[in-house]
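Quick notes on the structure that follows.
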Amino acid sequence: MNALELFRLDGKTAVITGAGSGLGYAIAEAMAEAGADVVCGDINKALNEATAARVSALGRKSLALHCDVTCESDVVNLFQQARDQLGTVDIAFANAGIADPMPVPLHETTTENWNRVLDINLQGVYYTCREALKHMVPRGEGKLINIASMWGLRGSPFMPIPSYTASKGAVVNLTRELALEYAPHNIQVNAICPGFFRTRLGDGGYENPNFVAMAAQATPMGRIAEADEIKGTALYLASKASSFTTGAVLVSDGGCLAR
Ligand SMILES: NC(=O)c1ccc[n+]([C@@H]2O[C@H](COP(=O)([O-])OP(=O)(O)OC[C@H]3O[C@@H](n4cnc5c(N)ncnc54)[C@H](O)[C@@H]3O)[C@@H](O)[C@H]2O)c1
């Protein structure tokens, strides 16, 4: 197959959690630009609908569905609707996530904070992977992509975010486990570990010039990424271009982890 054709997604359906903002929006746009229909799930109705509208403007079918990834029935419904209304689930991104709202050392954190981060960033990924796989296994193919973080591969040297690093480390190793379990089913399961990308993560952290300057300085490339710089990595893992790649942890961090 022609190399560029490997990246086409015509006739495919992608489901994306946390599609309303940041990386989720960019991934939805990338899927649609490559030819896929897109099912958008988010707790933010207005942002989710705006992403779906962008997909439609690109000439693809879209659905915007309320989905809180901590709510099992919401995630079940997201995938059920995808199949009922668009016919199939070929690609799924477990993308929804939050930053640690209480960045303090572990002995100062609360169980409530710990549970909140783990609920969204890990339990939500579990529900999303499980429901995606239920639809992919009978079809004998699929692409499942988990959005982890570079903080899933190391401790954070800047601020204490123990619940976040724990959640993302778990997502990385869940990805490897699922890759092994589902390799015989022709389902590739991979993770993306982003570095600093300008999004709404962390209640507008990237609107804070001091945070952006710190992040840029900590990044060997000397800058943070714009959200749409995730598109190439996402499309690679969602398409035939990655047909022999599973269990991979693809780092996109401007060189941070090379240090
Ligand atoms: N931006 C970065 O620098 C960076 C770095 C590493 C990893 N990540 C990861 O990327 C993913 C996307 O984050 P982002 O940076 O685009 O942030 P963002 O805040 O811009 O977008 C996250 C989206 O998820 C949604 N969301 C939050 N809680 C949800 C829930 N319970 N159910 C469904 N949707 C929910 C939000 O409404 C929002 O639309 C997250 O998993 C995050 O941890 C981001």
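The helices (runs of 4 or more DSSP H) found entirely in the range 1-87 that carry 1 or more residues being out of contact with any strand residue (DSSP E or B) (no Cβ under 7 Å at 6 or more places or on another chain) and of a type in the set (Asp, Glu) are 22-33, 72-86. Given the residues Ser56, Ser62, which is the only one that is among the small types (Gly, Ala, Ser) and in contact with a Cys (Cβ under 8 Å, 6 or more places away or on another chain)? So the residue among Ser56, Ser62 that is among the small types (Gly, Ala, Ser) and in contact with a Cys (Cβ under 8 Å, 6 or more places away or on another chain) is Ser62. Being hydroxyl-bearing (Ser, Thr, Tyr) and touching a strand residue (DSSP E or B) at 6+ places or on another chain (Cβ under 8 Å) is the filter; apply it to the range 200-235 and report the residue that is nearest to Asp37 (Cα to Cα). Across the range 200-235, the extreme among qualifying residues is Thr233. Just name the residue that is farthest from the ligand (Cβ to nearest atom) out of those in the range 126-146 that are free of Cβ contacts under 8 Å to residues at least 60 places away in the same chain and under 14 Å from Leu250 (Cα atoms). Result: Leu144.
One residue stands out among those in the range 19-43 that are surrounded by fewer than 24 Cβ atoms within 10 Å (Cβ to Cβ) and over 21 Å from Glu226 (Cα atoms): the one that is farthest from the ligand (Cβ to nearest atom), which is Gly35.
Can Leu237 be described as within 15 Å of the chain's Cα centre (by Cα), away from the ligand (no atom under 11 Å from the Cβ) and in a helix (DSSP H, G or I)? So Leu237 fits the description; yes.
Sort through Arg154, Arg139 and tell me the only one that's more than 20 Å from the chain's Cα centre (by Cα), of a type in the set (D, E, K, R) and surrounded by fewer than 17 Cβ atoms within 10 Å (Cβ to Cβ).
Testing whether each residue is more than 20 Å from the chain's Cα centre (by Cα), of a type in the set (D, E, K, R) and surrounded by fewer than 17 Cβ atoms within 10 Å (Cβ to Cβ) leaves just Arg139.
The set of residues in the range 147-196 being among the aliphatic types (A, V, I, L, M) and either assigned to a loop (DSSP other than H, G, I, E, B) or within 11 Å of the ligand (Cβ to nearest atom) (or both) consists of Ile147, Ala148, Met150, Leu153, Met159, Ile161, Val171, Ala191, Ile192. For the range 209-234, filtered to residues that are assigned to a helix (DSSP H, G or I), of a type in the set (S, T, N, Q) and at pLDDT 95 or above, the residue that is surrounded by the fewest Cβ atoms within 10 Å (Cβ to Cβ) is Gln217.
I need the full set of residues from the range 1-18 which are crowded, with 20+ Cβ neighbours inside 10 Å and more than 8 Å from the ligand (Cβ to nearest atom), in order please. Correct list: Leu9, Lys12, Thr13, Ala14, Val15, Ile16. If you go through the range 66-105 and keep only what is within 16 Å of the ligand (Cβ to nearest atom), surrounded by fewer than 23 Cβ atoms within 10 Å (Cβ to Cβ) and not β-branched (Val, Ile, Thr), you end up with His66, Asp68, Cys71, Glu72, Ser73, Asp74, Asn77, Gln81, Ala99, Pro101, Met102, Pro103.
The values are calculated or read from the model by the stated rules, or taken from the named source; none is laboratory data. Predicted, not measured: the structure shown is a model, and the values here were computed from it. Glycine also receives a Cβ, built like all others from the backbone with ideal geometry; neighbour counts cover every protein chain displayed.
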